[in-house]
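Reviewing the structure listed below.
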Amino acid sequence: SQTIHQWPATLVQPVGSPLSLECTVEGTSNPNLYWYRQAAGRGLQLLFYSVGIGQISSEVPQNLSASRPQDRQFILSSKKLLLSDSGFYLCAWTSGGPAGTQYFGPGTRLTVL
Amino acid sequence: AQSVTQLGSHVSVSEGALVLLRCNYSSSVPPYLFWYVQYPNQGLQLLLKYTTGATLVKGINGFEAEFKKSETSFHLTKPSAHMSDAAEYFCAVSRSYNTDKLIFGTGTRLQVFP
């Protein structure tokens, strides 16, 4: 069966520090991968989308970036965190297709102080 | 462009009462529609989805939703609420036929009182 992992589960970082969040998927190949951010009371905001290794689409301009160095690995990064980067970050995968279910990871709670 | 509106950011019901969470969508093409549930500090889990065929869709945990094209709605219901149903619920619509990207509503937090 397929599983999706995210780490770390929680993170507290000072403003201006770098960030690296990791997401890995097991039990499937060539998944479409997503990074979302969930701010309190604001639903899910799609940040990045990837259909393959090295293929990243950015949905919104920001100081975050994403990379996909391996088929089932998706990394969210920042060189310098802002207070507004605080939130709950969710990774998700699908097997593709418009009716496909998105499967979400457990999330990372990021607090920037 | 596709969009989703969830009416009511908070809904409170008594245990055993009917649960009704409202979702209206706007789509230029026949939509694929989804309901997800999120428990505190966890990821989202699919409750049910409508793609084609039968307009009444049954999901997990006793939930169901009915696709009503004339009303552009996809409301989520459960006949009898349980304490364990307390969570946040998200309605979502597919962006188009050729992508698996979704547009999510802003969510409805369900509280269940004993």
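Throughout, read-outs are computed from the coordinates displayed, never taken from laboratory work. What you see is a predicted model, and the numbers here were worked out from it, not measured in a lab. Glycine also receives a Cβ, built like all others from the backbone with ideal geometry; neighbour counts cover every protein chain displayed.
Quick notes on this one:
- Listed by Cβ neighbour count within 10 Å, with the fewest neighbours leading, B:His75, A:His5 appear as A:His5, B:His75.
- Part-to-part distance (alpha-carbon centres) for segment B:38-57 and segment B:74-95, which is given in Å: 8
- Within chain B, the longest run free of exposed loop sites, counting GluC sites (Glu not before Pro) that sit outside DSSP helix and strand states (H, G, I, E, B) and have at most 15 other Cβ atoms within 10 Å, spans B:16-70.
- For chain A, the relative contact order is 36 percent, taking Cα pairs closer than 8 Å that sit 6 or more residues apart in sequence and dividing their mean separation by the residue count.
- Of all stretches in chain A that contain no trypsin sites (Lys or Arg not before Pro) in a DSSP loop with at most 16 other Cβ atoms within 10 Å, the longest one is A:1-41.
- Positive contributions from Lys and Arg (+1) and negative ones from Asp and Glu (-1), summed over other residues with Cβ under 13 Å from the Cβ of B:Ser80, come out at -2.
- For segment B:17-114, chymotrypsin sites (Phe, Trp or Tyr not before Pro) are listed when DSSP marks them as loop and at most 15 other Cβ atoms sit within 10 Å of their Cβ; the list is B:Tyr97.
- Restriction of the trypsin sites (Lys or Arg not before Pro) in segment B:46-114 to DSSP coil positions whose beta-carbon has at most 15 other beta-carbons within 10 angstrom yields B:Lys69.
- Taking 0.36 nm per residue of sequence separation and removing the Cα-Cα distance, the A:Ser84/A:Ala9 pair yields an extension gain of 25.1 nm.
- Note on A:Ser65 and A:Ser1: with the Förster distance fixed at 22 Å, the Cβ-Cβ geometry gives a FRET efficiency of about 0.10.
- B:Ser96/A:Asn30 FRET efficiency (R0 30 Å; Cβ-Cβ; nearest 0.05): 0.90
- Contour minus Cα-Cα distance for B:Ser70 and B:Ser26 (0.36 nm per residue): 14.7 nm
- Separation in nanometres of the label points that stand 7 Å from Cα toward Cβ, at B:Gln45 and B:Asn61: 0.6
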